Amino acid sequence: MIFLLYLVLAICVVFLSIKTANYVDLLDKKTNLSGAFIGGVMLAAVTSLPEFFTTISATSFLGNPDLALGNILGSNLFNNSILATLVLLFIKKFGESNISKSHLNVSFCTLGMYFIICINLLVNIDISLLTISILSIALAILYAIGVKAMANAPSEESDEEDDSPLTVKQIALRFVITSVLLIAASIGVTYVSDSIATIYNLGAGLVGAVLLGIATSLPEVTSCVALMKVGNFNIATGNIVGSTLFNFLILTFADLLYIKDTIYIFTDSNTKALLVFGFIAALLLTFMIFLKTRKKEKKFSNYIYTLPSVGILLCYFAFLLADKFM
């Protein structure tokens, strides 16, 4: 019964996330807001709302920072795995597509975030300013750098016409309503996942990565599949790297609200494994984007992207298998 409840809540999260993203898209067409800002920053933030509220719930309400870390790190690894899968499925079209260089800059910022947390895993950095760790401040700075890279990227004019009868005020109201419902569904998923972990004696890191990570990543998955089907690999890639960047920023908010201690204390071995495999997958994704942005200067076979894509998928499956040996 509890798994049925999880499934229902997960479906609600996906549906509401997609509706919210649609309203953001309508605001893009009906207002003079920057397309680069809405697509690379705002849309990524909207599709990451489930991660935001589930992570805040896990730390502030449940007092379970490992569940929060597992949610963010698991969501990032799952997002990268989905992108890798879609690249393999559309390998020829991906090879022929154009990818913005800003995605590479954002990926470097993401690597920096992983590196900072990995260093803390090896050498506990217990430095705080009031209630926030210096690690969270570093993540926020890297996020700002990544956002600047996306905002400065050249944007293309959209050929789509605005055919919605809704006014800006109506769209904004519906956006607020769906966002509130999304908050409720996301908090529900967090509590149900925590109950599953308790009932079946599962690690918080594993539950955060699999149950929470996958459920809260489904909006990104849905949008990426749709974009790649029509050959828009640039926006699909931007959605993934932008969401990953925003997910790390969520840890800053969670750390600020978790007054008891810092959230960067890894007590679950699953979360540690997730961090390591996530870092390797991020390296492989950065390498793949680097190759893609260099293709104009050097001729590569489309199948060169197979190696990093397969490597990312192996990282995800390696994490799932690692649980059996911990």
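The values are calculated or read from the model by the stated rules, or taken from the named source; none is laboratory data. Just so we're clear, the structure is a prediction, and the values are computed from it rather than from any experiment. Cβ atoms come from the backbone with ideal geometry, glycine included; neighbour counts cover every protein chain shown.
The figures follow:
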| read-out | value |
| --- | --- |
| Selected residue [of a type in the set (A, V, I, L, M), closer than 20 Å to Leu67 by Cα and at pLDDT 80 or above] from Leu173, Leu202, Leu181, Leu139 | Leu139 |
| Pair list, Cβ < 6 Å and 6+ apart or interchain, from the range 304-326 residues that are under 21 Å from Lys272 (Cβ atoms) to residues that are at pLDDT below 90 and surrounded by 14 or more Cβ atoms within 10 Å (Cβ to Cβ) | Phe319/Ala273; Phe319/Leu274; Ala322/Ala273; Asp323/Leu206; Asp323/Asn270; Met326/Ser269 |
| Where a residue in the range 264-288 is more than 18 Å from Leu251 (Cα to Cα) and of a type in the set (Asp, Glu) and its partner, wherever it lies, is in a helix (DSSP H, G or I) and at pLDDT 90 or above, with Cβ under 9 Å and at least six apart | none |
